[in-house]
Amino acid sequence: MRVFSGIQPSGELHVGNYLGAVRNWVALQDQYQCIFCIVDYHAITQEYEATALAERTFDMAVSLLAAGIDPQRSVLFVQSHVAEHTELAWVFTTVTPLGELERMTQFKDKAQRQVSVPAGLLNYPVLQAADVLLYRAQRVPVGEDQVQHIELMRGVARKWNARYGDGFFPEPEPVLTPAGRIVGLDGQAKMSKSLGNTIGILEGPEQIWERLRPAVTDPARVTRKDPGNPEVCNVYALHQHFSPSATVEEVAAKCRAAAWGCLDCKRVLAANITREFAPIRERAAALQAAPEQVREILHDGAQRARSLAAETMSEVRERMGFLSAEGAARPR
Ligand code: TRP
């Protein structure tokens, strides 16, 4: 069973994409052959800073490696280093119904905020289908918000197979992250770097505390003496991801009894987040001090990805009837 997943080159990982994706990726490496891709071609479908792209891609690689993606067991590479991604995406645009792309929730959301909608934004899920199917991966660990894209991907595989090659591409299935949707420190929106409602996994104890201190808790708890309701508190939700179960129980009880104030509760959470991220920070510092090592890992990852991708593309070309570029004097 082969696993594939992708993440945008947004620089440093944060608590949202760590819990929402990467912690799960790290675990999946024990069971599956995994391929992880930093999807820079997806990143350019929305406005971005060209002068920052390379650095954000590199930083994402550092974060992923520091968080536990193991290049000995898994393939880690940058999407634009493997040309076959865009090649297969083009092929797939010819079997993807326009109407289905226009119905994608994420497309509608993003398009709405744009004066002029680039075709790349519409074709975003086609490229995503190519990412996964290029390696004929059967499992795709993602968050809830990507399920619709995986459904589309299954349709693309089905339609291509129907025309050109019965059963050649598998119909990949999503592996949903156990953590579910991670709400930001504002207690409202999904955690995201652009909203500034998150904590970076490479931040130190003081920065973690600075971010956590003003985090929104139970809005009904106005004063220190009011009992709180952990069920509606996002800080409590984070405890469930970072604290041992005995602490989680203690936090809930002390909140309900107003024995602890929100700051007491946050201090414990800050300590537990700091503890989980400390070894990651250490590994990241070592990688940042040896950038050539990171480049070599990505170079090697791209090479391994390319050889798998080339196999798929040569099958695809043959099944679709293209004239071979190989040395034969006459077409066959
Ligand atoms: N669209 C995904 C996201 O925003 C990123 C992505 C690109 C991806 N290609 C992929 C995820 C292939 C899984 C598989 O999170």
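The values are calculated or read from the model by the stated rules, or taken from the named source; none is laboratory data. Quick caveat, the model's predicted, so the values are computed rather than measured. Every residue, glycine among them, receives a Cβ derived from its backbone with ideal geometry; neighbour counts consider all protein chains shown. Surface accessibility is based on the protein's heavy atoms, side chains included, excluding ligands, DNA and RNA. Shrake-Rupley method; radii C 1.70, N 1.55, O 1.52, S 1.80 Å.
I'd like the Karplus ³J(HN,Hα) series for region 273-278: coefficients 6.51, -1.76, 1.60, θ = phi - 60°, whole numbers in Hz, and an x wherever there's a Gly or Pro.
Result, rounded to whole Hz: 5, 4, 5, 5, 8, 4.
Let's see if you can work this out: charge +1 on each Lys and Arg Cβ, -1 on each Asp and Glu Cβ, no other charges. What is the dipole magnitude of the chain about its Cα centre, in debye to the nearest 20?
So the magnitude is around 440 debye.
If you wrap a convex hull around the C-alpha atoms of region 244-303 and split its volume per residue, what is the figure in Å³?
Considering the Cα atoms of region 244-303, their hull volume per residue is 107 Å³.
Which is the longest stretch in the chain that no exposed loop site breaks, taking sites as chymotrypsin sites (Phe, Trp or Tyr not before Pro) with a DSSP loop state and at most 15 other Cβ atoms within 10 Å?
Longest site-free region, per DSSP loop and neighbour criteria: 169-321.
Could you calculate the contour length gain from ASP264 to GLN293, that is, 0.36 nm times the residue separation minus the distance between their Cα atoms, to one decimal place in nm?
Result for the pair: 6.3 nm of gain on full extension.
If the elastic network links every pair of Cα atoms under 10 Å, which of VAL22, VAL232, VAL115 fluctuates the most in the Gaussian network model of the chain?
Among VAL22, VAL232, VAL115, the largest mean-square fluctuation in the Gaussian network model of the chain belongs to VAL115.
Using the alpha-carbon centroid of each, what span in Å lies between region 90-122 and region 126-151?
A separation of 16 Å, based on Cα centres.
By how many degrees, between 0 and 90 and to the nearest 10, does the Cα long axis of helix 147-164 differ from the longest principal axis of the chain?
For helix 147-164, the angle is close to 10 degrees.
Calculate one ³J(HN,Hα) per residue across region 174-184 by plugging θ = phi - 60° into the Karplus curve 6.51 cos²θ - 1.76 cosθ + 1.60, and present them in order as whole Hz with x for glycine and proline.
Rounded to whole hertz, the list is x, 10, 6, 5, x, 5, x, 7, 9, 7, x.
Subtract the Cα-Cα distance of ASP300 and ARG317 from 0.36 nm times their separation in residues, and report this length gain in nm to one decimal.
Result for the pair: 3.6 nm of gain on full extension.
Can you tell which of GLY200, GLN33, ILE182 lies farthest toward the positive end of the dipole of the chain, using +1 and -1 charges on the Cβ of basic and acidic side chains (Lys, Arg; Asp, Glu)?
The listed residue farthest towards the positive side: ILE182.
List the longest stretch of the chain that has no exposed loop site; here a site is one of the GluC sites (Glu not before Pro) assigned by DSSP to anything other than H, G, I, E or B, with at most 10 other Cβ within 10 Å.
Excluding the exposed sites themselves, the longest stretch runs over 50-325.
Out of residues 5 or more away from LYS190 or on other chains, whose amide H comes under 5 Å of its own, with H placed 1.01 Å from N in the peptide plane?
GLY184
Given all pairs of different Cα atoms, what value in angstroms does the Kirkwood hydrodynamic radius of region 205-286 take?
13.1 Å
Please get the size of the charge dipole for region 232-321, origin at its Cα centre, with Cβ charges of +1 on Lys and Arg and -1 on Asp and Glu, quoted in debye to the nearest 20.
280 debye
Quick check: with the 1.4 Å probe, what order do LEU134, LEU176 take by accessible area, largest first?
The residues order as LEU176, LEU134, largest area first.
Which residues' amide hydrogens lie under 5 Å from the amide hydrogen of TYR48, considering only partners 5 or more residues apart or on another chain, with H built in the peptide plane?
Amide H neighbours of TYR48, under 5 Å, 5+ apart: none.
With Kirkwood's inverse mean 1/r over C-alpha pairs for Rh, give me the Rg to Rh ratio of the chain, two decimals please.
1.03
Farthest toward the dipole's positive end in the chain, which of PRO170, LEU287, ALA305, given Cβ charges of +1 (Lys, Arg) and -1 (Asp, Glu) about the Cα centre?
The listed residue farthest towards the positive side: PRO170.
For helix 124-133, report the angle its Cα long axis makes with the longest principal axis of the Cα atoms of the chain; keep it between 0 and 90° and round to the nearest 10°.
Once rounded, the angle reads 70 degrees.
Can you run phi through the Karplus equation (6.51, -1.76, 1.60; θ = phi - 60°) for region 235-240 and list ³J(HN,Hα) in whole Hz, with x for Gly and Pro?
Going residue by residue, I get 5, 4, 4, 5, 3, 4 Hz, with x marking Gly and Pro.
So, with a 1.4 angstrom probe, what is the percent of accessible area on the chain that is carbon and sulfur?
The C+S portion of the solvent-accessible surface of the chain is 51 percent.
Once you place label points 7 Å from the Cα toward the Cβ at GLN33 and GLU151, how far apart are they in nm?
Between GLN33 and GLU151, the simple spin-label model gives 3.1 nm.
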